[in-house]
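The values are calculated or read from the model by the stated rules, or taken from the named source; none is laboratory data. Predicted model only: the values in this text are computed from it and were never measured. For neighbour counting, all protein chains shown are included, and Cβ atoms are generated from backbone atoms with ideal geometry for every residue, glycine included.
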Amino acid sequence: MTVLGIESSCDECAAAVVLDGRRVVSSVIATQIERHAEYNGVVPEIASRLHTEWIGDVVARALDDAEFTMSQVDGIAVTSKPGLAGSLLVGVSFAKALAWSTSTPFVGVNHVLAHLYAPLLSEDVDYPFIGLIVSGGHTLICRADGFDDITVLGTTIDDAMGEAFDKVAKHYNLGYPGGAAIDKLARIGNAAACSFPSAHLYKGDHRYDVSYSGIKTAAIRQLDQFWNPAFERSNENIAAAFEKAAVDMMVSRLLRAMDDTGLKTLVVGGGVAANTYLRERLARRHDLRCLFPPLELCGDNAAMVAGLGYHLLARGDRDDLTLNASPRVVGFKRAV
Ligand code: KG4
Ligand code: ZN
């Protein structure tokens with residue numbers, strides 16, 4: 001089955017052609033990063049306007065690169081939630097119009113689940129496994145029992161993991177987007193320059209929850225308190241120390257979840273899955289199988305949307321022209 005995927009939930013305008021949920025024949029990602037860089041963050045109004053301008057060309061290019069025409073496409077999968085409302089609406093409206101005008105079945109896809117599917121485009125994995133979705137907007141540790149059946153074990157009680165990277169980078173003017181900038185600087189910095197306190201969660205919080213606002217605030221406002229005076233106060237040292245604190249906290253919760261459940265496979269998705277130190281730390285655990293997407297499929301892309309969409313379409317899921325964009329994350333079960 002040939003599926004055309006469309007993604008426009010944030011600041012990447014993307015389309016891809018994927019065969020049987022596995023073979024990525026084409027993947028076009030038009031990033032708006034440069035257009036938002038001067039504001040140090042995504043401006044929703046600019047994002048949706050650019051999607052409107054670009055989406056026709058992006059979809060045409062994905063079909064062109066794959067050497068397919070719409071008559072060879074069996075289904076369309078489009079990100080319909082969650083994300084920026086105006087941006088999502090562009091992809092959803094475009095997909096509906098394309099599906100209607102070409103009589104092609106289509107289905108709305110959850111962007112969070114699509115991130116978790118990204119590594120599965122190229123690897124066979126048995127369920128259940130532990131999933132980690134970490135991006136600018138999401139931080140979820142879950143148990144996955146199927147491609148659209150997850151139970152949330154842990155989440156952040158405040159900032160998303162990527163958001164904390166972005167805010168620290170913004171404060172020190174390290175570059176945009178912040179996560180990639182910190183990753184790059186951290187490679188030449190020394191994490192021992194600063195020891196941030198590990199976050200203590202409130203009694204009522206879950207065993208696998210994380211908190212990033214404490215580390216973020218410590219990195220931004222209380223650096224003096226935790227700085228080791230033997231080290232130079234350089235951007236690369238700040239980046240390395242912050243990255244280590246943020247990743248170590250996540251890895252401790254992940255390993256706890258894997259120990260408790262006895263599950264040995266971990267699947268990671270989302271922009272922060274590109275982080276070098278996170279990948280290295282988990283690669284050291286030879287007793288676990290840790291799957292990451294290739295770097296180009298960590299951030300937002302349409303191949304993951306088409307991949308997950310294939311499974312939905314194959315079991316008969318269809319949407320109709322009433323499909324709407326929904327900005328919020330709703331509907332995931334939470335383990336008690
Ligand atoms: O999945 P994504 O492209 O968009 C969302 O759905 O949010 O994730 C973007 C997030 C940003 O917060 C960005 O700073 C972070 O992923 N990110 C990274 C790295 N590359 C991107 N964080 C840490 N290390 C990286 N190498
Ligand atoms: Zn995303």
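Figures for the structure shown
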read-out: Test: residue in region 224-235 that is in a helix (DSSP H, G or I), within 23 Å of TYR172 (Cβ to Cβ) and either within 16 Å of ligand 2 (Cβ to nearest atom) or aliphatic (A, V, I, L, M) (or both); value: no
read-out: Search result, residues across region 287-320 that are under 17 Å from the mean Cα position of the chain (by Cα), crowded, with 20+ Cβ neighbours inside 10 Å and assigned to a helix (DSSP H, G or I); value: LEU297, ALA303, MET304, VAL305, ALA306, GLY307, LEU308, GLY309
read-out: Scan of region 2-48 for residues that are of a type in the set (Ser, Thr, Tyr) and more than 19 Å from HIS115 (Cβ to Cβ), ordered by number; value: THR2, SER26, TYR39, SER48
read-out: Options GLU243, GLU236: the member that is modelled with pLDDT of 95 or more, surrounded by 22 or more Cβ atoms within 10 Å (Cβ to Cβ) and of a type in the set (Asp, Glu); value: GLU243
read-out: Complete set of residues in region 13-46 that are in contact with a helix residue (DSSP H, G or I) (Cβ under 8 Å, 6 or more places away or on another chain), within 19 Å of VAL90 (Cα to Cα) and among the polar types (S, T, N, Q); value: SER27, GLN32
read-out: Among (1) among the small types (Gly, Ala, Ser); (2) crowded, with 19+ Cβ neighbours inside 10 Å; (3) free of Cβ contacts under 8 Å to residues at least 12 places away in the same chain, the one test that ALA164 misses; value: (3)
read-out: Selected residue (criterion: nearest to ligand 1 (Cβ to nearest atom)) from residues of region 11-27 that are among the hydrophobic types (A, V, I, L, M, F, W, C) and either surrounded by fewer than 24 Cβ atoms within 10 Å (Cβ to Cβ) or over 21 Å from LEU98 (Cα atoms) (or both); value: VAL24
read-out: Residue pairs meeting the criteria (Cβ under 6 Å; at least 6 apart or on separate chains; first in the same structural domain as MET70 (by TED's automatic domain parsing), in region 18-42; second among the aromatic types (Phe, Trp, Tyr) and outside any helix (DSSP H, G or I)); value: ALA37/TYR176; ASN40/TYR176
read-out: Counted residues, region 271-311 - those being of a type in the set (D, E, K, R) and within 14 Å of ligand 2 (Cβ to nearest atom); value: 2
read-out: Residue match in region 240-261 (condition: within 16 Å of ligand 1 (Cβ to nearest atom), closer than 29 Å to ARG23 by Cα and β-branched (Val, Ile, Thr)); value: no
read-out: Selection from region 258-286 of residues that are in a loop (DSSP other than H, G, I, E, B) and either at pLDDT 95 or above or of a type in the set (A, V, I, L, M) (or both); value: GLY262, LEU263, LYS264, GLY270, ASN275
read-out: Pick from region 176-190, criterion assigned to a loop (DSSP other than H, G, I, E, B) and closer than 13 Å to GLY136 by Cβ, ranking: farthest from ligand 1 (Cβ to nearest atom); value: TYR176
read-out: Selected residue (criterion: surrounded by the most Cβ atoms within 10 Å (Cβ to Cβ)) from residues of region 28-43 that are of a type outside the set (A, V, I, L, M, F, W, C) and either closer than 26 Å to GLY75 by Cβ or under 18 Å from the mean Cα position of the chain (by Cα) (or both); value: GLN32
read-out: Failed item, numbered, when VAL330 is tested on (1) among the aliphatic types (A, V, I, L, M); (2) under 30 Å from SER27 (Cα atoms); (3) at pLDDT 95 or above; value: (3)
read-out: Pairs with Cβ under 8 Å, 6+ apart, first in region 206-221 and over 30 Å from VAL336 (Cα atoms), second at pLDDT below 90 and crowded, with 16+ Cβ neighbours inside 10 Å; value: ALA218/PHE196; ALA219/PHE196
read-out: Condition met for THR69 (assigned by TED's automatic domain parsing to the domain that holds SER326, of a type in the set (Val, Ile, Thr) and within 20 Å of TYR117 (Cα to Cα)); value: no
read-out: Residues that are surrounded by fewer than 24 Cβ atoms within 10 Å (Cβ to Cβ) and either closer than 28 Å to LEU308 by Cα or not polar (S, T, N, Q) (or both), drawn from region 167-179; value: LYS167, LYS170, HIS171, TYR172, LEU174, GLY175, TYR176, PRO177
